[in-house]
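The values are calculated or read from the model by the stated rules, or taken from the named source; none is laboratory data. Computed from a predicted structure; not experimentally measured. As a convention, Cβ positions derive from the backbone with ideal geometry for all residues, glycine included, and neighbour counts pool all protein chains shown. Heads up: the accessible areas ignore ligands, DNA and RNA and are worked out on the full protein's heavy atoms, side chains in. Shrake-Rupley method; radii C 1.70, N 1.55, O 1.52, S 1.80 Å.
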Amino acid sequence: LKIIYGIKEVRDLSKSLNIGFVPTMGALHKGHVTLIEKSLQENEETVVSIFINPTQFSPGEDYIYYPKTLEQDLEILKKLNVTAVFVPRSDEIYHSDFDTTLGIPSLENLLCGATRPGHFRGVCLILMILLNLLKPQRLYLGRKDFQQLTIIQKMCRDLLIDTEVIGCPIFRDQDGLPLSSRLAYLDPSLRSSVSLFPKALSAIIQNIDNGNQDNVYLKEIFTSLIQREESPFYEILYADFYDKETLQPSNDVKKSIFCAALMVKTLEKSVRLIDNIPFEISSYYPQSEKNILLKCIES
Ligand code: AMP
């Protein structure tokens, strides 16, 4: 495993013919590993980046205390046979008079963007910088962050970036919750109560499988299940069926994706949880993931 800190070294690497690239903010877990394994299967070289990107954090968010586990992360990457990991310093990426912005006005203020001002502009910026440095053939992004995936796919299309963007399935814990670095913020006693979230999603799947396609009724089922739990306090930031490309609310349940975000509020902290289910089987929504969700409602 080559550990690369500098811009010049990463540019040298970009001369490799076939690179699969997995950008991360570190605190690696099995969700990240599934993306890396897919890249290892599909490319000669796999490069991972670990960079907690300051421009994608809104004021007051967790930039300072975002989990940092570099030693453990490097051990994971060594075992996986990754070619290189790029761990840039923040001032190497953003020099002192950096002043460029990028954004997708029609998509960046919807869903999570409504409560995270500037977040997706920061995501576009860092990915554009990294893609420009590394010039990978393929970019692997998780469907867990569906809005991010949609925005980056659009950015690459619009800017004629010669990289294929690959959406990967969500890796879920046994209780159906997507693994996430921020789950570490949750007190273990709260961890079990947030499994209500995948259960509420499973209830939607079950209803649709039973032929119900009334989006208003389906949303009500989700909301009533979440709000039944009073401790900890959940705020539903959004929960609706959306068109996969425009991210506008959609009435056509079978052709849309249900996306939801909850804020779990405890006395010390608020933790944002996001999840989604696309209502068609595709390479990034395998039957196995649907089965995990359907199983979690039984427990
Ligand atoms: P992050 O380190 O949180 O920025 O995530 C890096 C990449 O891993 C993003 O493309 C995420 O969508 C993806 N990812 C994070 N958690 C999961 C998960 N549980 N399953 C699949 N992909 C994930």
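Couple of notes before you dig in:
- Coupling constants for the stretch 271-282 follow from the phi torsions by the Karplus curve (6.51 cos²θ - 1.76 cosθ + 1.60, θ = phi - 60°), and in residue order they are 10, 8, 10, 10, 7, 7, 9, x, 8, 7, 7, 9 Hz; glycine and proline get x.
- Approximate spin-label separation residue 246-residue 89, in nm, with each point projected 7 Å along Cα-to-Cβ: 4.8
- In nm, spacing of pseudo-spin labels at residue 106 and residue 68 (7 Å Cα→C-beta vector): 4.0
- Estimated [θ] at 222 nm from DSSP helical runs (n ≥ 4, -39500 (n - 2.57)) normalised by residues in the chain, nearest 500: -11000 deg cm²/dmol
- By definition, a body whose alpha carbon gyration tensor gives a ≥ b ≥ c is oblate when a/c is 1.5 or more and a/b is not larger than b/c, and the stretch 166-236 fits this oblate description.
- With a Förster radius of 30 Å applied to the C-beta separation of residue 287 and residue 18, the computed FRET efficiency comes to 0.50.
- Efficiency of FRET between residue 190 and residue 61 - r from beta-carbon atoms, R0 22 angstrom, step 0.05: 0.65
- Given 30/255; 244/290; 68/144; 2/68, the pairs whose alpha carbons are separated by over 25 Å: 30/255
- Between residue 217 and residue 159, the distance separating the two model label sites (each 7 Å from Cα on the Cα→Cβ line) works out to 4.5 nm.
- For the stretch 56-65, 3J(HN,Hα) computed residue by residue from phi via the Karplus equation (6.51, -1.76, 1.60; θ = phi - 60°) reads 9, 9, 7, x, x, 7, 8, 3, 5, 9 Hz, glycine and proline entered as x.
- Residues of the stretch 83-232: accessible area per residue with a 1.4 Å probe, Å²: 45
- Note on the chain: with charges restricted to the Cβ of Lys and Arg (+1) and Asp and Glu (-1), its dipole about the Cα centre is near 320 debye.
- Label zone of residue 227 (point 7 Å out along Cα→Cβ, amide N under 20 Å): in the stretch 275-299 this covers 275.
- R0 of 35 Å, Cβ-Cβ distance residue 294-residue 2: FRET efficiency to nearest 0.05: 0.25
- Sulfur and carbon atoms: percent of accessible area, the stretch 174-299 [1.4 Å]: 48
- In order along the stretch 28-38, the phi-based Karplus estimate (6.51 cos²θ - 1.76 cosθ + 1.60, θ = phi - 60°) of 3J(HN,Hα) comes to 5, 9, 4, x, 4, 4, 5, 5, 5, 5, 5 Hz; Gly and Pro are listed as x.
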